[in-house]
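Below is one structure, written out as structure tokens; the observations come after it.
Rule-based calculations on the coordinates, nothing more; no lab input. The structure displayed is predicted, hence computed values, not measured ones. Every residue, glycine as well, gets a Cβ built from its backbone with ideal geometry; the counts of neighbours run over all protein chains shown.
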Amino acid sequence: MSGGGSNLQALLDELAGSSVARVTRVVASRPDAGALERARRAGVSTAVLDDPADADQVVAALGDAGLVVLAGYLRRVPPAAVARFRLRMINIHPALLPAFGGAGMYGRRVHEQVLASGMEITGATVHYVDEEYDHGPIIAQWPVPVRADDAPETLAARVLEVEHRLLPLVVTALARRASWGAPLRLFAIGSAFVTGDKLAVQLRG
Ligand code: GRF
């Protein structure tokens, strides 16, 4: 993780009482990542990569993790590390992929582009990580309506709120599965138009 760590916080909070999954370690590409402090507060072990491009180092830091979650991790994961955790490494992205993803599409820029495009719907996507940015098979998405008066910040805040609901649901669903061999695809129950501001994220496999 490299960002503010709010998605990590959502996982820590949601999985606190879970018998299905727990956060065992947090690996960051930068020593100032907000996630590190959140992990320490929760008593979770941490590591900072000296060289995030070094596959051996990344694989060693991830150790025997059953599932690797990228949340605000902005560095490219070396291909050998991607291969080692094929279908066991996921990423969360603040738009409805495959739109508004790819190299350089992160943070405020994503929401600026959504607003500039005139799209009426954006959202959050959780997907498996492959060798290309924001590209692997999609596991789950949740839509967020764009409002006429949205600025990048207001849109980002509403999408982030959805991310915090979606990511723990997906992690739990993945952890419940006996086998990791095939990609999981979860579908939303309901629609953004029905739920409006009352955020109710439910998924079915
Ligand atoms: C989130 O918007 C996530 O989708 C993107 O980076 C941001 C990370 O936020 N990949 P945080 O560090 O979890 O607060």
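Before moving on, here are some points about what is shown:
- Residue order, fewest to most surrounding Cβ atoms within 10 angstrom, among 171, 44: 44, 171
- Distance (nanometres) between label positions extended 7 Å along Cα→Cβ at residue 149 and residue 19: 4.8 nm
- Distant-in-sequence amide H partners of residue 90 (H built 1.01 Å from N, under 5 Å): 68, 69, 70, 129
- Amide hydrogen neighbours beyond the local backbone of residue 48, cut-off 5 Å, H modeled: 28
- Computed from backbone phi with θ = phi - 60° and the Karplus coefficients 6.51, -1.76 and 1.60, the 3J(HN,Hα) list for region 128-142 is 5, 8, 10, 6, 10, 4, 6, 10, x, x, 6, 9, 7, 9, 9 Hz; x is used for glycine and proline.
- Put a dot 7 Å past the Cα of residue 64, heading toward its Cβ, do the same for residue 86, and the two dots end up 2.3 nm apart.
- Computed 3J(HN,Hα) for region 37-43, one whole-Hz value per residue from the Karplus formula 6.51 cos²θ - 1.76 cosθ + 1.60 where θ = phi - 60°, is 5, 5, 5, 4, 4, 8, x, glycine and proline marked x.
- In this rough spin-label picture, where each label sits 7 Å from Cα along the Cβ direction, the residue 172-residue 76 distance is 3.7 nm.
- Its relative contact order, with pairs defined as Cα atoms under 8 Å and 6+ residues apart, puts the chain at 18 percent.
- Neighbours of residue 205 by Cβ distance under 13 Å: Lys/Arg scored +1, Asp/Glu scored -1, total +4.
- Over all projection directions, the Cα-based convex hull of the chain averages an area of 11.0 nm².
- Isotropic mean projected area of the C-alpha convex hull, region 90-205 (nm²): 7.0 nm²
- Modelled FRET efficiency - R0 30 Å, residue 112 with residue 189, Cβ distances, 0.05 increments: 0.45
- Projecting the Cα atoms of 92, 135, 179 onto the charge dipole of the chain, computed from C-beta unit charges around the Cα centre, puts 179 farthest toward the positive end.
- Between 0 and 90°, nearest 10: helix 108-117 axis offset from the chain longest Cα axis: 30 degrees
- Sequence-distant residues sharing a close amide H with residue 139 (under 5 Å, placed H): 126, 127, 128
- Crossing angle, helix 6-15 versus the chain [Cα axis fit, 0-90 degrees, rounded to tens]: 80 degrees
- Among residues other than residue 23 with Cβ under 13 Å from its Cβ, the summed charge is +3 (Lys and Arg +1, Asp and Glu -1).
- Magnitude of the charge dipole, region 47-138, Cβ model with Lys/Arg +1 and Asp/Glu -1, debye to 20: 180 debye
- Positive minus negative residues near residue 93 (Lys, Arg vs Asp, Glu; Cβ under 11 Å): -2
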